[in-house]
Structures are given as C-alpha cells and as structure tokens.
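The structure appears below as structure tokens.
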Amino acid sequence: MSGGKSRTREDAWALVTEYTQSDTLKRHMLSVEAAMRAYARKHGEDEERWAVVGLIHDFDYERHPTEHPHSNVRILRELGWPEDLIQDAYSHGDTGLPRDTPIRKAIFAVDEMSGFVIACALVKPDKSLSAVEPAGVRRKMKDKAFARAVHREDLIAGAELLGVPFDDHVATVRDALKPIAAQLGLQP
C-alpha cells in the first residue's frame, strides 16, 4: 500500500488480515465497521471513510496489546496512511484526543457497544440479533461476570456523547450488525 490522500475499505481489510489472525478480533472490527456505516448514514457523512476508521481501529491489537492504540498510529504513519484517518481511529481509546467530531464520537460509542451486543446475542438460544433488546442489554450490564472485559461506563458514555438515548444507540448498533450476522456467527 502506497501513501496517498484516501484509503479504501479494501486497503483497510488488507491491513486487518495482515496483522490479525484471531477470527474473534476480525469479527469485532467488522462489527465496528458496520456500526460506523450506520452512524455515517445517520449523520449524512462519508460511509466509506467511517467504515475504514471502524475497520482499522484495532488492527494492531493482536501484535501489540500493551502498546495499543499507540502502535496503531506508529504503524499507520510508517505505511503512509492519511493523518486524519489515523487520528480518528486513535481517538477510540483513552488517548487524550478530543472526541469533538461526529466520527470520533461514533468510533468511541460503537466500539464497546458492538462487542456487548454480540455477547448478548451469543447467549440467546438461536444466537439471534433480533432477540437482543435494549432492556435485555441493560440487564446484562448489571451482571459483572457477563462480558467482563466490556467497560459498562463506556457503553453509557458513548450514547451520551452521541446525544442519543441509550436504547436508541443499542438498537442502531444491533440493527447495523444484522446484515453481517452470518460473518459474526449469529442469526439476523
């Protein structure tokens, strides 16, 4: 991949597959991509660009778990990726970057929520996203043993940052995942 002004979804997926072996982590990045597309449509923004940010936000995690997300920035710069994409992806973590644009608010909000919605669907008898309701997500959030790696405060903060009711945020993410349910090992 050479340097340039923009990067495509294909560029992003090539990066993900080069750096990530874990199918679970790949599925996470696909889910964040799908949720980012949904929020791009809601905001009338560039869906492809938002999808790329969703895909690349964790590409470095498997190889550099203790350096993530800082390693993300270093690697993308070395590969000549555009700085605006790098910074938007970097803003998903606790980096000190302001989450002051719609894309930065969305990447933070959908990152943890995508994983939690998938976890909620996986415990349904038919592994169905349609069976995941906001009230059920709220109940599961109270169970500290369930999906314990997900930061509950980030789930709430993400919806607040987007300025949407929590239940609407859950529904947006859930519905965004339905078209890629099979790739996630789920039913729509």
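No lab work stands behind these numbers, since they all come straight from the coordinates. No experiment lies behind these values; they were computed from the predicted model shown. Every residue, glycine as well, gets a Cβ built from its backbone with ideal geometry; the counts of neighbours run over all protein chains shown.
Amide H contacts of S128 (H built 1.01 Å from N, in plane; Pro and chain starts excluded): Q187 sit under 5 Å, all sequence-distant by 5 or more or on other chains. For region 83-188, the relative contact order is 31 percent, taking Cα pairs closer than 8 Å that sit 6 or more residues apart in sequence and dividing their mean separation by the residue count. Sequence-ordered 3J(HN,Hα) estimates for region 181-186 from the Karplus curve with 6.51, -1.76 and 1.60 and θ = phi - 60° stand at 3, 4, 5, 8, x, 10 Hz, glycine and proline given as x. The slack between A131 and R148, meaning 0.36 nm per residue of separation minus the straight C-alpha distance, is 4.0 nm.
Ignoring lysines fewer than eight residues from K144 along the same chain, the ones with Cα atoms less than 20 angstrom from its Cα are K124.
Using DSSP H assignments, which helices in the chain have an axial alpha-carbon span of 18 Å or above and a mean Kyte-Doolittle hydropathy of 1.0 or higher? Within the chain the helices that satisfy the rule are 102-122.
In summary, the lysines within cross-link reach of K42, defined as a Cα separation below 24 angstrom excluding same-chain residues under 8 places away, comprise K105, K178. Between L122 and E83, how high is the FRET efficiency from 1/(1 + (r/R0)^6) when r is the Cβ-Cβ distance and R₀ = 45 Å? Nearest 0.05. Using R0 = 45 Å, I get an efficiency of 0.75.
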